[in-house]
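Structure first, then comments.
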Amino acid sequence: MAEPIILGIESTCDETAAGIVQGNTLLANVVASSMDMHARYGGVIPEIASRAHAEAFVPVVQKALESANLDLSDIDGIAVSAGPGLAGCLAVGVSGAKALALAANKPIYGINHVIGHISVTQLQFGAIPENALALIVSGGHTSLLQVKDIARDVRIVGTTLDDAAGECFDKIARLLGFPYPGGPHIDRHAKLGDKNALRVPQGLTKGNAGKQHPYDFSFSGVKTAVARWIEQRQEQGEPIPVDDVCASLADSVADVLSGKAMKACKALGSDTLIVGGGFSANSQLREALLAKGKQQHVEVRLPRRELCTDNGSMVAMLGSNLMNAGVEPSPLDFSIDSAMALDQIVMH
Ligand code: KG4
Ligand code: ZN
């Protein structure tokens, strides 16, 4: 029998997206972003993002169906990000998806967006092996998760105690005068600078804190240290070596993320590391992970760049995993959960 065709809908933040998958095959991936509308505010404005979702929802779904040459009636199931994310944004996607499910009489899964970032790697690498470890690095999350079974059993190994890596990059980028989101600008400038120009603190890596939190992250000290360094230069009337700041920051953060991920792989006996979230597009992190993975004989599964950032196919892929595993769909009165726990795969 042919594998079910799943439509996935994403609206957690500033992307309205619809993706369609069948098994591990991507049939459509349409993304509309409201990022430009937020750029001048230096961050995502929830009210503006919600309105953009309301406008883009139907056209994006239509375009996805068209590009896959399908009708809504050809879809076997619908998946939608129910959390974590911005409440008003989630509400638009979830309501729209429920309307489609009701109209077409299809099962619906309210899924966890973060676990979708793990799931999407199957489009490139095939099924996730048993006991894989996942490093999630996005604007809002920096976490290590143990994936026992993508449809039924995901466990939290570590998480950030304060800022996420993406958030930290975006804040520092703002100090350096880059528009939102600043992560990609830091990435680009880091390639041109000296990574030893300034010392960037590596939170929870050494001493007692490191022992107590071997798999947790802390990036708030990074932001403070870099901000202070920049201020001191400014006070002394010295120019800011932007490339050097970016290189030092990117190298240090990549070192912490890859180091802790590899340590967790070793401790949990995982020989596959799955990486996901917008920040996994970061060149310095990708390089560090591949290098350490090679040393430690861990296969590092990095999504291609357009699958790193928020999209609908990641949602569809997790929906497909749930349907294939025979997991009960969500009831039609399921809610959104803006703070959905990272070990909750689907809404009940
Ligand atoms: O997963 P995502 O698209 O949205 C959330 O769910 O948060 O991640 C967005 C984050 C932003 O903080 C952005 O600056 C960061 O990913 N990002 C990058 C790069 N591309 C995106 N950070 C560093 N280097 C990049 N190349
Ligand atoms: Zn995301």
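The values are calculated or read from the model by the stated rules, or taken from the named source; none is laboratory data. Quantities reported herein were computed from a predicted structural model and do not represent experimental measurements. As a convention, Cβ positions derive from the backbone with ideal geometry for all residues, glycine included, and neighbour counts pool all protein chains shown.
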### Task
Check the stretch 216-224 and report whether any residue there is within 14 Å of ligand 1 (Cβ to nearest atom) and part of a loop (DSSP other than H, G, I, E, B).
yes
### Task
Test Ala341 against the criterion of being away from ligand 1 (no atom under 13 Å from the Cβ) and part of a helix (DSSP H, G or I), and give yes or no.
no
### Query
For the stretch 66-75, which residues satisfy the criterion of being part of a loop (DSSP other than H, G, I, E, B) and more than 26 Å from the chain's Cα centre (by Cα)?
Asn69, Leu70, Asp71
### Query
under 29 Å from Arg152 (Cβ atoms) and touching a strand residue (DSSP E or B) at 6+ places or on another chain (Cβ under 6 Å) - does that describe any residue in the stretch 47-59?
no
#### Entry: Only one of Gly158, Gly85, Gly93, Gly116 that is part of a strand (DSSP E or B), touching a Ser or Thr at 6+ places or on another chain (Cβ under 8 Å) and touching a residue at least 60 places away in the same chain (Cβ under 8 Å)
Gly158
### Task
May I ask you to list the residues in the stretch 271-286 that are surrounded by fewer than 24 Cβ atoms within 10 Å (Cβ to Cβ) and either away from ligand 2 (no atom under 16 Å from the Cβ) or not assigned by TED's automatic domain parsing to the domain that holds Phe217 (or both)?
Asp271, Thr272, Ser283, Gln284, Arg286
### Task
Please go through the stretch 262-290 and pick out each residue that is assigned to a helix (DSSP H, G or I) and more than 16 Å from ligand 1 (Cβ to nearest atom).
Met262, Lys263, Ala264, Cys265, Lys266, Ala267, Leu268
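Here's the yes/no breakdown for (1) away from ligand 1 (no atom under 16 Å from the Cβ); (2) under 15 Å from Ala18 (Cβ atoms):
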| position | (1), (2) |
| --- | --- |
| Ile75 | yes, yes |
| Ala99 | yes, yes |
| Ile108 | yes, yes |
| Ala127 | yes, no |
| Ala132 | yes, no |
| Ile136 | no, no |
| Thr142 | no, no |
| Lys148 | yes, no |
### Message
Of the residues Leu161, Leu145, only one is out of contact with any Asp or Glu (no Cβ under 6 Å at 6 or more places or on another chain), on the phi < 0 side of the Ramachandran plot and assigned by TED's automatic domain parsing to the domain that holds His213; which?
### Response
Leu145
### Query
Among (1) under 18 Å from Lys263 (Cα atoms); (2) more than 16 Å from ligand 2 (Cβ to nearest atom), which single condition is Asp149 missing?
(1)
